[in-house]
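Throughout, read-outs are computed from the coordinates displayed, never taken from laboratory work. Being a predicted model, the structure only gives us computed values, none of them experimental. Please note: Cβ atoms are built from the backbone with ideal geometry, for glycine as well, and neighbour counts cover all protein chains shown.
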Number of protein chains: 2
Amino acid sequence: MKPKMTLKKIANELGVSISTVSKALHNNKEISQENRDKIQAFAKLYNYRPNSIALNLKNNKSRTIGIIIPEIVHFFFAKVISGIEKVANSRGYNVVIGVSNESLEKEIINMDLLVDGGIDGFIISLSKETLFHQDYHHLRESISQGIPIVMFDRVVEGLECDKVIIDDKRASKKAVELLLATGCKNILLLTTQDYITIGKLRTEGYLEVLRENNIPIREELIVKVDDKGGMDEYQIILDQEIRKKFDAHPEIDGVFAVNEIYAITVLNVAGMRGLKIPENLSVISFSDGILSLHSRPSLTTVKQNGVQMGELSAKILLDGLETEEDQTVFSTHLIETVLIERDTTKRLV
Amino acid sequence: MKPKMTLKKIANELGVSISTVSKALHNNKEISQENRDKIQAFAKLYNYRPNSIALNLKNNKSRTIGIIIPEIVHFFFAKVISGIEKVANSRGYNVVIGVSNESLEKEIINMDLLVDGGIDGFIISLSKETLFHQDYHHLRESISQGIPIVMFDRVVEGLECDKVIIDDKRASKKAVELLLATGCKNILLLTTQDYITIGKLRTEGYLEVLRENNIPIREELIVKVDDKGGMDEYQIILDQEIRKKFDAHPEIDGVFAVNEIYAITVLNVAGMRGLKIPENLSVISFSDGILSLHSRPSLTTVKQNGVQMGELSAKILLDGLETEEDQTVFSTHLIETVLIERDTTKRLV
DNA sequence: TTGTATGCGTTATCAC
DNA sequence: GTGATAACGCATACAA
């Protein structure tokens, strides 16, 4: 095992002082060209790398940012991470990840762990539990300790931080408008409980389009899926709920689902009862990524640009980190979505 | 913004020395009970947290481990990460992630970045390019600098490190045996190029089972998919290759695919030509996670236990980190897989 | 042109 | 029981 090179060792070897070495390696002109050359050559030979922990201590920053997400085994979040990674690395920052697993408690524990780890700032998407309990003290604390936060996707109002979100309402409106344009009259909405901000916004988009088109809103066509419980259980409940709706309302000719899983489940249920898609039934969903491509028929989706979201979040955080004066004004940044038409909606000619 | 508390500030506020404060906070009995109580109370009140960067500098470790993966937008790797996260966090370690994007160069850059960031050890799955060029100098360097490595999934021989892999060959054999048992006579193998270790092992499993059952090996039923190029292009090539094979060999009655994407593509192609699954055609694939559940018909898969893989890798790395003496003997740990029978294979009665 | 001293926050050793 | 000091690795203001 190679011993680690330090300024001190180089200084000893070469019979000069530590500061001379330090200056030489920074190519400081105070040091004679001769010494600079010699020292630099020596350093390169022994593969000297400055100890970043020591630098961190000096500068009181770590050039590391923390990401807190509810779930890592999830395409959307993985994409966001890859976006963050990309810009962070290109700017010489490291990225640390904490997974809250949708729990407020784990969110807090993870943030503490990262704060103790000397993180410079956070990029975070809140857990369902956090949203549900509306408990944001840990976020306030981080901010008041001078560790800035950028929230994305699952965000809340009233905190001193920037926010990056998809223009959920607008995207949702575009989707429902497409369904109407292709002739759907009775559109089933599959959404989340209202405490999930994005679900709520998407619901609002749906309602607004109906209102704008003077279509009566039928509460019985709105399903707010209860997403408590484990994965398996959840899938079964979802399945049953959808069946029930189709039983009770055979007039349903369109479905707008706020996520892929809901939509795929609809596809399966519809397949079972011999409903032709898109002839008898059109389906659109928001999408994280891959299921919609490989489903049969392939799903028309509102594509969430996770990578872009990550990139922007990181850019905002790092820009803030690298400016001198304290940030006092915060804003909400909207990411545009794209509607990708595939096989579950009729083609408009 | 709350100023950050340090030992020094506490010492000043309370009119004692820094070392007294340090000792008091460690509940050192040298310090009078009275002073201990006072100092601890004060520290708690002002929410003192030791500066871990300073600790890192002193101890020359960071309690942070680095993960290098080829791709984060990938279920299997996401699962591995979640496994690593879980044990690392429970043992008070942070996790930083670098994504090589299947490039040797980015793998090196990322490792350098993390090494400079003061990582204690690596958990890594090699990029395709690294495997292809068989260039492992960066790994050797890390090891020789005293930064241990645990490789998982995509591993190579000849390095001084532990390895965690799925028992690919065995799993592959189980899968092909099931196909034979359900009556398949002409099994198409969809695998990767041989330089991908896991693809190669899975291929070997396939060959071995055929040999054991005295079934002649037909090279024309083995497709080693070329996975160069972007996602879209790749999908198209894959699609065409599979079509061609079905055209040329209508006798194919079983498919063993080394990953989900290959298998789903087979499902789609088969669907197009009206092949009934599993009546006319059985399909099994290795699986990362979610596509197989939601495909129709649902896929019989060899489940790769990514979470378990992550947990074991982390455990091995941390155990090594926390033992005093240098590790000199390294081993390969096999993770058992489970064959999950779903709709693409006939049920055995 | 080079070297010395100081400080970043902590712990450990040793002196009082 | 308490406190001064050195050390971890580095950068830098200042002295020589």
Notebook entry, point to check: Using only the Cα atoms of the range B:91-218, what do you get for the radius of gyration and for Dmax, in Å?
Noted result: 18.4, 56
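Using alpha-carbon pairs under 8 Å, 6+ residues apart, how would you state the relative contact order of the range A:168-304 in percent? Don't skip to the end; give the middle numbers.
Working: 190 pairs, mean separation 35.3, N = 137.
Rounded, it is 26 percent for the range A:168-304.
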Check: So which residue, out of B:Y48, B:Y136, B:Y234, gets the largest mean-square fluctuation from a GNM of chain B using Cα contacts under 10 Å as springs?
Finding: B:Y48
Next item on the list: Please state the charge dipole magnitude for chain A, taken about the Cα centre, from unit charges on C-beta atoms (+1 on K and R, -1 on D and E), reported in debye and rounded to the nearest 20.
Entry: 1460
Item checked: Euclidean distance between Cα centres, the range A:115-165 to the range A:83-106, Å -> 13
Notebook entry, point to check: Hey, for B:F330 with labels 7 Å out along Cα-Cβ, what do the inter-copy distances come to in nm, ordered shortest first?
Noted result: 4.6
Notebook entry, point to check: What is the dipole size for the protein assembly as shown, taken about its Cα centre, with +1 at each Lys and Arg Cβ and -1 at each Asp and Glu Cβ, in debye to the nearest 20?
Noted result: 660
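Between beta-carbons, use under 11 Å as the cut-off and find the net charge around A:P278, counting Lys and Arg +1, Asp and Glu -1.
On the way: positive: A:K276, A:R342, A:K346, A:R347; negative: A:D253, A:E279, A:E341, A:D343.
That works out to 0.
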Notebook entry, point to check: For the range A:248-335, what is the relative contact order in percent, using Cα pairs closer than 8 Å and at least 6 residues apart in sequence?
Noted result: 23
Note to self: I need the peptides B:192-202, B:78-88, A:235-245 ranked by packing, meaning the mean over residues of other C-beta atoms within 10 angstrom, with the highest value on top.
What the structure shows: B:78-88, B:192-202, A:235-245
Item checked: Charge dipole (debye, nearest 20) of the range B:168-304; +1 at Cβ of Lys and Arg, -1 at Cβ of Asp and Glu -> 340
Note to self: Considering only C-alpha atoms, what is the centroid distance from the range A:225-286 to the range B:236-277, in Å?
What the structure shows: 28
Checklist line | Interatomic Cα distance distribution for the range A:168-304, bins of 10 angstrom, percent | finding: 12, 47, 36, 4
Margin query: I need two numbers for the protein assembly as shown: Rg to one decimal and Dmax as a whole number, Cα atoms only, in Å.
Written below: 28.5, 89
Note to self: Under the convention of a label 7 Å out along Cα→Cβ, give the distances in nm from B:Q33 to the same position in every other copy, shortest first.
What the structure shows: 7.3
Next item on the list: Mind pulling the angle between the C-alpha long axis of helix B:260-272 and the longest principal axis of chain B? Nearest 10 degrees, somewhere in 0 to 90.
Entry: 30
Check: What residues have an amide H closer than 5 Å to that of A:I124, excluding those fewer than 5 places away on the same chain, when H is modeled at 1.01 Å from N in the peptide plane?
Finding: A:I68, A:V150, A:M151, A:F152
Checklist line | Normalised alpha carbon radius of gyration of the range A:1-50 [divisor 2.2 N^0.38 Å] | finding: 1.03
Checklist line | Selected from A:L104, A:Y234, A:A78, residue furthest toward positive end of dipole (chain A; charges at beta carbon) | finding: A:A78
Notebook entry, point to check: Measuring from a point 7 Å out along Cα→Cβ, what nm distances, shortest first, does A:G158 have to its partners in the other copies?
Noted result: 6.2
Next item on the list: Could you grab the Rg to Rh ratio for chain B? Cα atoms only, Kirkwood for Rh.
Entry: 1.14
Check: What residue among A:P250, A:P70, A:P148 shows peak mean-square fluctuation when chain A is described by a Gaussian network model with Cα springs under 10 Å?
Finding: A:P250
Item checked: Partner chain coverage, peptide B:291-299 - average Cβ within 10 angstrom -> 4
Margin query: List the residues, sorted by chain then number, that are 5 or more residues from B:E71 or on another chain and whose placed amide H is less than 5 Å from its amide H.
Written below: B:S100, B:N101
